Every structure is written in structure tokens, then in C-alpha cells.
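Undergrad: Quick one: the structure is below, and I'll ask about it shortly.
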Amino acid sequence: MQIYAIPVLDDNYVWIIEGDNRQCAVVDLGEAEPVIAAIASRGLVPQAILLTHHHWDHTAGIQAFLSRYPVPVIGPATEAQTWVTDPKRDGDAFTVAGVGDFRVLTSPGHTLGHIVFLTEGAAFTGDTLFSAGCGRLFEGTAAQMLHSLDRIATLPDDTLIYCGHEYTADSLRFAQHAEPDNPAIRARVAEVAKVRQDGRPTVPTTLALEKKTNPFLRIREPGLREAVIHYASASSITDEEAFGIVRRWKDDFDGLKPL
Ligand SMILES: [Zn+2]
């Protein structure tokens with residue numbers, strides 16, 4: 001199995017998963033043309049679209065893609081029904097012929113029906129887990145997102161994380177602001193600057209690296225927890241509260257309006 005990133009729109013990634021004999025699956029489809037061009041130039045035969053959630057920057061290319069390649073759209077059972085032909089729920093397993101075996105993990109938070117696809121040491125996390133960040137809480141609650149990330153965190157540490165956006169450099173600015181003394185974040189900032197300078201994607205990342213550098217996987221770490229308590233001027237907080245505060249803290253840091 002080989003996996004490539006196709007950059008689309010401003011900062012989205014479409015992932016092409018190539019199996020044996022040039023069969024492939026495509027994860028999310030914010031834009032069709034660059035993906036069709038990559039598939040045609042490699043002589044690939046698409047077997048399925050895997051869709052993580054309903055947002056337009058993951059779906060806007062589906063119609064054009066299907067008119068060229070009429071394949072099933074495997075996606076969340078509870079959203080994006082305009083597109084999804086093969087709805088999947090938590091724990092569902094399925095095979096894409098010639099590509100591989102997949103398992104579905106539901107991950108509500110960014111949207112309520114969001115799903116993550118797992119296969120052969122890889123997790124396609126859409127807008128749930130980013131490198132050094134996580135999706136904004138457009139539909140779900142902090143408690144739901146924390147639970148979703150906690151489940152992803154139980155995967156093996158060497159799991160490769162393929163996410164839906166190139167947000168790493170921006171996300172690391174907040175990570176470093178929240179944990180200025182974390183040497184793993186400092187090292188990752190330097191690495192990411194170089195990778196971006198070379199015009200390469202900063203993903204996939206590994207779950208092990210995310211556990212060391214991603215504030216949304218680190219809310220139970222004493223140093224970050226103390227910083228969160230200080231930011232919120234609270235005396236003690238639950239894990240769910242800590243997660244919600246980190247999410248708001250990052251939105252404030254990024255200058256985004258509270259939801
Ligand atoms: Zn989204």
C-alpha cells in the first residue's frame with residue numbers, strides 16, 4: 001500500500017491510497033481536478049471514495065470525480081447523505097478491492113458524524129486530529145472531541161496520522177505558546193519550518209510525535225494542565241473542562257470568534 005498527498009484548495013489534503021495492480025481509494029475530495037490528474041498520470045483505477053465528514057472542503061470535488069469515475073462513496077452513516085452510498089458506523093470493517101482492509105472509528109466533535117478510517121498502521125483522521133492540533137468544535141462538544149481523541153490515542157504509537165489539512169506550522173505556534181518549555185515542540189517547529197521551506201507536506205505524522213507535541217493530546221500533562229488552570233483563573237478543573245479551555249485558548253490565540 002502506498003499513500004500520497006494531493007494538495008487541494010488552500011490547505012486541504014486529498015489522500016490517494018494505492019494498493020495492488022494500480023487500484024486506489026481516495027480519502028476526501030475538496031477538489032476533483034488535481035486528484036483526477038494525479039490518478040490519470042499514474043494510470044490508477046479508483047475503487048472508492050472514503051469520506052470523513054460533510055464539510056464542503058472535503059466534498060466539493062465528489063460530483064466531478066464521480067462523473068469521471070462512478071465509484072461508491074464510503075462515509076459516515078449520520079451525515080453527508082447527499083454523497084454517501086455506503087454508510088459506516090463505529091467498528092464497521094470493510095474491504096476496498098485491491099486496496100486494503102479498513103476499520104471505522106466514529107469521532108464526533110468537529111462534526112457530529114465524523115469518522116476516522118484505519119488501515120495497516122495508518123489513520124485517516126480528517127478534521128478530528130491534526131498535527132499539533134485538532135478540528136474546531138463546529139457541531140460537537142469538548143467532551144465528545146476529547147473522547148474521540150482519547151480513542152485515537154489508544155492506537156499503536158507508530159500509527160501514521162494522515163489528516164485533512166496542512167495546519168501544522170500554525171498549530172505549533174499555539175502549542176509552543178501553551179508549553180514554551182517543551183523541547184519536543186521546539187524540535188518539531190524547526191523540522192516543520194524546513195519541510196515547508198522545501199514545499200513538502202508535514203504529514204503524515206506519528207501518534208508518538210503527536211503525544212509529545214499536540215496540546216489536545218496532552219491536557220493531562222501536569223505542566224500544560226497548570227498553564228490551562230492559570231489561563232482560566234480556575235482552581236481545579238476536570239479533563240473535559242481542561243480540553244474545552246485549551247480549545248478556546250487556541251481559538252483566542254488564533255483570533256477566531258468563540259463558537
Ligand atoms: Zn471540516
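Undergrad: Quick check on segment 1-136: take the gyration tensor over C-alpha atoms, sort the square-rooted eigenvalues as a ≥ b ≥ c, and tell me if it's rounded (a/c under 1.5), prolate or oblate. Let's see the in-between values first.
TA: On the way: a/c = 1.40, a/b = 1.24, b/c = 1.13.
Since a/c stays below 1.5, the shape of segment 1-136 is classed as rounded.
Undergrad: Can I ask one more? Could you list which residues have their amide H under 5 Å from that of residue 23, counting only those 5 or more apart in sequence or on another chain, with H placed in the peptide plane?
TA: Answer set, sorted by chain and number: 45.
Undergrad: How many Å² of accessible area per residue for segment 130-254, probe 1.4 Å? Let's see the in-between values first.
TA: Details: 5810 Å² over 125 residues.
Each residue of segment 130-254 exposes 46 Å² on average to a 1.4 Å probe.
Undergrad: I've got another one for you. Dimensions of the chain along principal axes (Cα, Å, largest first)?
TA: 57, 39, 33
Undergrad: Tell me the net charge near residue 77. Cut-off is 11 Å between Cβ atoms, residue 77 excluded, with +1 for each Lys or Arg and -1 for each Asp or Glu. Don't skip to the end; give the middle numbers.
TA: Values: positive: 88, 89; negative: 79, 86, 90, 92.
My count for the surroundings of residue 77 gives -2.
Undergrad: Keeping all protein chains in place, calculate the accessible area per residue for segment 27-95 (probe 1.4 angstrom), answer in Å². All intermediate terms of the calculation are to be shown ahead of the outcome.
TA: Working: 3020 Å² over 69 residues.
Here the per-residue accessible area is 44 Å².
Undergrad: Additional query: Ignoring any ligand, DNA or RNA, what whole percent of the accessible area of the chain comes from carbon and sulfur when the probe is 1.4 angstrom?
TA: Details: 5750 of 11280 Å².
Of the solvent-accessible surface of the chain, carbon and sulfur hold 51 percent.
The values are calculated or read from the model by the stated rules, or taken from the named source; none is laboratory data. All values derive from a computational prediction rather than experimental measurement. Ideal geometry is used to build each Cβ from the backbone, glycine not excepted, and the neighbour counts take in all protein chains shown. The area values use the complete protein model at the heavy-atom level, side chains included, leaving out ligands, DNA and RNA. Shrake-Rupley method; radii C 1.70, N 1.55, O 1.52, S 1.80 Å.
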